[in-house]
Amino acid sequence: MSAIDLHRLKIAKSPDQSATRRRRRRWWRAALVAGLGLSLVGSVLFLRSRPVEIETVTVSQVYPAQSITLLNASGYVVAQRKAAVAAKITGRLEWLGVEEGSRVTTGQELARLDQREAAAALEQARANLRSAEAGLAQAVAEADDADLALRRMETLRREAFVSQAELDSSRARAERARATVAAGDAGIGSARAAVHGAEVAYDNTVIRAPFDAVVLTKDADLGDIVTPFGSVASSKASVVSIADLSSLQIEADVAESNLEKLAVGQPCEIQLDALPGSRFPGFLQTIVPTADRSKATVMVKIRFTELDRRILPEMSARVAFLQRPLTAAENAPKTALPVAAIVEKDGGQQVYVVSGDRVSLTRIETGAAIGDLLEVISGVKAGSRIAIRPLEKLADNRRIVTVER
């Protein structure tokens, strides 16, 4: 077969085969585009499903006083009238009638020491007084008899029935009798003074409350030796410690550089660590006229406007010195959140509320500014956790994970 004949030999292609190949190429191109599209959608969905790291804050309750506070200080509740009640004499404690927390009144008997020795001394003094009174009565009787005898002798002397010597002897006897009466009077005064001293010594075995107060601590127990100076080994200098709770004040230290912000009578708001949910109104009563050179501070005393039975001595306190007195509406706490947590969306203010591992976009209604916070009237409650950043990466129902800063 020649070369020409070989050139002529070829397979003829039918129109159906060419169309099939074109359709296959178009199908592969469409499949490739679809695959790329699906990959892109999958990537977007994967990125959207990844949790966003966010920082959160807690919606809190704040008091409007924060916006008009000039200065803050910390201190302690102190009773201005308090005492460590002790005995005036040394003795063994034999009765104690109060416990911690007992309320006592002025003059109330708190405790007693062993009274046997004092009681015996008192009885002896009273017996001496009775003896002196009996001696005086005898002296008065003898003086009366001596006066009668003297008057008889004077009558007899005028009639010359007795000698002058006998008259002089009778007169001397009357004078001695009167001197004995005077001595008896003095003896009775001394005996009465001794009785009074013994009564005082006996009364000193009884320990009484010096003013209306509450017992803070019990410092001695039955059988303890109580002495005024506590100098004896294992002795007690005081029996109980008491405080007048109507005299409670706050004592706080203020830096010298801040004194110009304070004035006597200035309104204050007091918060106690033991009662975090309560605020107590007060006023600056005293600026102590001396400074602590080691701390460069001055002590101030803040008095409660009204006392609460829950307030106790030595509680730690924080005091806010205010620009002006609070109104009745400003005494109640308000719900507030940071302005940075608010998102302006759909014509209103919204926040991302954290619930588990997701956030939900919640519409809120806000009120007045309270310092760097904004009052929340409705939408979220105090204690709710809300996202504060990064808000631009969040959406409703987006998964999140919180991070600590």
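All of the numbers you see were taken from the coordinates with simple rules; none came from a lab. Because the structure is predicted, anything quoted here is derived from the model rather than measured. Please note: Cβ atoms are built from the backbone with ideal geometry, for glycine as well, and neighbour counts cover all protein chains shown.
When segment 56-71 is filtered for residues that are surrounded by 15 or more Cβ atoms within 10 Å (Cβ to Cβ) and not small (G, A, S), the ones remaining, listed by number, are T56, V57, V59, V62, Y63, P64, Q66, I68, T69, L71. Selection of first residues in segment 65-79 that are closer than 14 Å to L262 by Cβ and without any contact (Cβ under 8 Å) to a residue 12 or more places away in the chain and of second residues that are of a type in the set (K, R) and buried (at least 16 other Cβ atoms within 10 Å of the Cβ), restricted to Cβ pairs under 8 Å at least 6 apart or on distinct chains, gives an empty result. Against the test of being under 30 Å from L110 (Cβ atoms), surrounded by fewer than 19 Cβ atoms within 10 Å (Cβ to Cβ) and in contact with a strand residue (DSSP E or B) (Cβ under 8 Å, 6 or more places away or on another chain), the options L248, L222, L216 yield a single qualifying residue, L222. Among the residues of segment 72-110, none is identified as part of a strand (DSSP E or B), among the polar types (S, T, N, Q) and under 17 Å from D203 (Cβ atoms).
The residues listed here are A340, A368, A382; of these, the one that is free of Cβ contacts under 8 Å to residues at least 24 places away in the same chain, closer than 22 Å to P64 by Cα, surrounded by fewer than 17 Cβ atoms within 10 Å (Cβ to Cβ) and not aromatic (F, W, Y) is A368.
Residues of segment 100-125 that are in contact with a strand residue (DSSP E or B) (Cβ under 9 Å, 6 or more places away or on another chain) and either among the small types (G, A, S) or closer than 30 Å to K301 by Cβ (or both): E100, G101, S102, R103, V104, T105, T106, G107, Q108, L110, A111, A118. Pairs meeting the criteria (first residue in segment 302-316 and at negative phi, second residue assigned to a loop (DSSP other than H, G, I, E, B) and small (G, A, S), beta carbons under 6 Å, at least 6 apart or on different chains) are M315/A274. Is it true that some residue in segment 382-398 is in contact with a Lys or Arg (Cβ under 7 Å, 6 or more places away or on another chain) and closer than 27 Å to A329 by Cα? Among the residues of segment 382-398, not one is in contact with a Lys or Arg (Cβ under 7 Å, 6 or more places away or on another chain) and closer than 27 Å to A329 by Cα, which makes the answer no.
Checking the structure you have, find out if any residue of segment 233-245 is touching a residue at least 24 places away in the same chain (Cβ under 8 Å) and surrounded by fewer than 15 Cβ atoms within 10 Å (Cβ to Cβ). Within segment 233-245, none of the residues are touching a residue at least 24 places away in the same chain (Cβ under 8 Å) and surrounded by fewer than 15 Cβ atoms within 10 Å (Cβ to Cβ).
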